Structures are given as C-alpha cells and as structure tokens.
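Everything below concerns the one structure shown next.
All of the numbers you see were taken from the coordinates with simple rules; none came from a lab. These figures come from a predicted structure and were not determined experimentally. As a convention, Cβ positions derive from the backbone with ideal geometry for all residues, glycine included, and neighbour counts pool all protein chains shown.
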Amino acid sequence: MQDSAALNDMRLRVREALSRVPVTDIHTHVYAPAFGDMLLWGIDELLNHHYLIAETLRWADVTPAEFWEMDRRQQADLVWKTLFLDHSPVSAAAEGLLEVLRALGLDTASRDLESYRAFFAAQTPEGIVDRVFECAGLESLVMTNDPFDDTERAVWESGPQIDSRFHAALRLDSLILAWETNYPRLRDWGYDVEGPLGGRTIPEVRRFLHHWIDRMEPLYLMLSLSPSWRFPDGSQLNRLLEECMLAVAAERGLPVALMPGCRRQVNPDLRLAGDSVGVSDLASLERLLARYPKLRFLVTVLSRENQYELNVVARKFPNLMTFGCWWFLNIPYLIDEMTRMRVELLGFSHIPHHSDVRVVEQVIPKWTHARLFTEVVLAERYAAVEETGWKVSDAEIERDCRDLMGRNFWRFIGRL
Ligand code: RAT
Ligand code: ZN
C-alpha cells in the first residue's frame, strides 16, 4: 500500500515536470491559419463538433436531414439548447467545451451563448491559435492532409506560408480506401492509372505520392483501416498499401501511421458523426510488422478490446510505436485505464496522447486531461518504485515526461 503523503508529494513533482515539458500533438484535424476557413475555431464550430452532434441527435426533435438543412448558427443553437440547457453537460465532449470557455476567461455560470459569440467575434484566427497553444502548453501539432480535398489541394498549390508549429501528415484514405471512386481523378491530374491496378498504375501512384511528399513535407504517411482488414490477403487495398504507400515510405525514409478499427458510415445520415467501431485483427498487424522490420509504424487502434493486445504486440516489435487514446476512447475513464496499462506494460516507450481535435480550442481540455492522467499514473508508479528504496530525481521525472509528451515521437520518426 502506498503512503498517501508520499503519493501526494510525488503527484506535485510530476505535475511540476509536466508543466515544463513541451507537448507535440501528433494527430489532429486542425489546419494552420494559412488554410483560411479550413481552420475551425469559435463557439459555433465548437458546438458543431460531430461528437456533440451525435449526442444532440439522440434527443432533439429533428431528423438528421432537418438538422443538416439548418445553417451553422441554428445547428449550434440546437446543440446548446439540447446538451447544455435541456440536460446537464456531463459527457466528456460537452464538459470539454465548458473547459474551453473557462480557460479563455468566459463565465460558464452565465450560460450566455450570445456573450460567448461576442467574445469570439472579437478574436482573429492567429490570435486564437496563439492563445490556445499557450493555454494547452502546446509546442507543435500535426495536421491531417488530404490531396483529394479540393479546398485543401488549392491551398497547397498556392505555396502557402505555414505557421512552423503546424506540421503535415499525408493522409491516404481517399487514395487507398476509396480507390474505385478516386482513381479517375488521378487520371484527370495526368497519372496513367487503371482501376484494376494494371499497366503503369503502381509506378504512377508512387509518382503521385512523391509529388505530394515534396509539396507537403509530411512527417509521416497515414491510413485508417476497417476492423475487417486482414494481412496479407492479396487484396487491392493491400497492394496499394504495400506496393505504393509502404514502398514510397521506405524510399523517402518516412514512418507510416496506421489506425485500425473504424467502421465508416454505419449511419450515413449522421455524416461525419456516422462512423462506428469494431475489434481489429492484430495478428494481421503483427504479420505486417514482421514483414517490414525496417519501416517504422505509428499505430492507434479504436476498440477498447484491442488495447491490451496492442501493448503486447508493441513488446514484440520495436518498429511499432503505439499512440493516443483515439476518438471514442478519449474520455477520462478510458484515458486513465489505457495510460495505466501502457505504462505498466511498456514503461515509457509509447506516445500516450494525441488530441484528434477538429476545432482548435479543443486542444485545451484534451491536453489538460492528458496531463492529469499522466500525472496520476506516473505518480503511482514512481511511488511504487521509491518504496523499494530506489530514488527518482526531478531531472529524471522531467526526462521521462519529456519523452512521453513529445520526444518519443520525434525520436521514433528520426527527426531528433
Ligand atoms: O476523431 C475524429 O474526428 C474522427 O472523425 C476521425 O477523423 C478520425 O480521428 C480519423 O482520423 O479518421
Ligand atoms: Zn483523426
């Protein structure tokens, strides 16, 4: 049994260390100010986050179709009324929004949506970005960048000056998962490709990837996978994965981020909020890791049931770096469980948190929770270590926290 005074003292020491170390958020969906309206911020965007829309549509007296007919402001009004006024905002997503308001100095007790709107109307995108980076203790973040998104592609082609705190990640779901829909677009852009991957398709897709790597300078290539993904199986998806994505990653010395476990569009009426979860086959992941020992894989898995197994897989494969509590897992209850399990199974060789935010202010509650659970778990583990007579110095605590909050990522991707 740990002595509570010793534990409290340890919590203070870990908190202090965590407040000093820079944070890198390795996967988000926010954009740098150079991307214009693609950078989402402000109270109406916060209320219209798809996590809150899913919760609202469980109560509200409107069909999804009617909801999508409303303008942004009316949708935000409905989310506010439904989740904050008609019921108490206790879900992680709703409470997180209140944490944003509090951190920005707004009075949550007033419940005055119009005054929150007035506050945000007086901000600039650059100003709000600076402020939230400061509040969240963030040093840099990684965007999710899709060359098939017309708005985004136009920005990249204009040669934007991107705030150096924002890094790119080249997302390949549109290319690989939606190949049938999107290969004609590659043809429009001058690539000699065929639907069944014949002829010059494979070298041409590689040429496309090299082009976008030159343009975006991504830190890694990224792909989400359905729980039904199996490897190897000779499928078109795995050919695109191996012969294009992994081949180019190897040529360019880039790591690959894989995200198994999302069942897309189980309820398409909900649009972005219509995706679900399923248990993945991690034996397939093991076979991939074994086949490509020199490639580095960043992996997060969506189902809770896969988490223990993923930690065991990480013990077998040094070319695997697990990261974050993804999406529905990013609630206090599971962040606590997952951080604990990872630290007990892997020590410090993992990346415990990423935010996945779409609206930039959301980094504030995400990183508050990330720090809190890191503090709780590490304090208990250091206290257990000290009970044996071993002493941990403040410098060592800071070193370990620095690894978890950023340095493990930069080291793993070979940029340290
Ligand atoms: O967390 C989210 O907002 C999801 O909609 C997804 O974007 C997911 O994180 C993904 O990267 O596919
Ligand atoms: Zn994401």
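Ordered from longest to shortest, the equivalent ellipsoid semi-axes for the range 357-399 are 30, 11, 5 Å, each the square root of 5 times a Cα gyration tensor eigenvalue.
In terms of Cα to Cα distance under 25 Å, which lysines are near enough to LYS81, apart from those fewer than 8 places away along the same chain? Result set, ordered by chain and number: LYS366. Under 5 Å between amide hydrogens, built in the peptide plane, is the criterion, and for ARG263 it picks out SER276, VAL277, GLY278 among residues at least 5 positions away or on other chains. Packing-based ranking of 341-352, 292-303, 20-31, 358-369 yields 358-369, 20-31, 292-303, 341-352, ordered from highest to lowest mean Cβ neighbour count within 10 Å. Applied to the range 265-279, the Karplus parametrisation 6.51 cos²θ - 1.76 cosθ + 1.60 on θ = phi - 60° returns per-residue 3J(HN,Hα) values of 6, 5, 9, x, 4, 8, 6, 4, 8, x, 8, 10, 10, x, 6 Hz, with x for Gly and Pro.
Summarising the amide proton neighbourhood of ALA257: residues at separation of 5 or more, or on other chains, whose placed amide H is nearer than 5 Å comprise LEU221, MET222, LEU223, LEU298. Here the Karplus relation 6.51 cos²θ - 1.76 cosθ + 1.60, evaluated at θ = phi - 60°, turns the backbone of the range 94-104 into coupling constants of 5, 5, x, 5, 5, 5, 4, 4, 4, 4, 8 Hz, with x for every Gly and Pro. Where both bridge residues fall in the chain, DSSP classifies roughly 10% of the beta bridges as antiparallel.
Given in Å, the Rg to one decimal and the Dmax to the nearest whole number for the Cα atoms of the range 42-122 are 12.1, 36. In this structure, the amide hydrogen of THR322, modeled 1.01 Å from its nitrogen in the peptide plane, lies closer than 5 angstrom to those of VAL299, ILE351, counting only residues at least 5 positions away or on a different chain. Would you mind classifying the range 1-158 by shape? Square roots of the alpha carbon gyration tensor eigenvalues, ordered a ≥ b ≥ c; an a/c under 1.5 is rounded, otherwise it is prolate if a/b is larger than b/c and oblate if not. Oblate shape, in that a/c is at least 1.5 and b/c is the bigger or equal ratio. Projected onto their three principal axes, the Cα atoms of the chain cover extents of 69, 56, 39 Å, largest first.
Backbone phi angles across the range 363-378, fed through the Karplus curve with coefficients 6.51, -1.76 and 1.60 (θ = phi - 60°), yield HN-Hα couplings of 4, 5, x, 4, 7, 5, 5, 4, 5, 4, 6, 5, 4, 4, 6, 5 Hz in residue order; Gly and Pro are listed as x. The length gained by stretching the chain between ALA6 and ALA250 to full extension, at 0.36 nm per residue less their Cα-Cα distance, is 83.0 nm. For LYS294, the aspartates and glutamates whose Cα comes closer than 16 Å to its Cα, not counting residues fewer than 8 places off in the same chain, are GLU242, GLU243, GLU251, GLU286. Say a paramagnetic label sat at a point 7 Å from the Cα of SER110, along Cα to Cβ; which residues of the range 41-71 have their backbone N under 15 Å from it? Residues passing the 15 Å test: 43.
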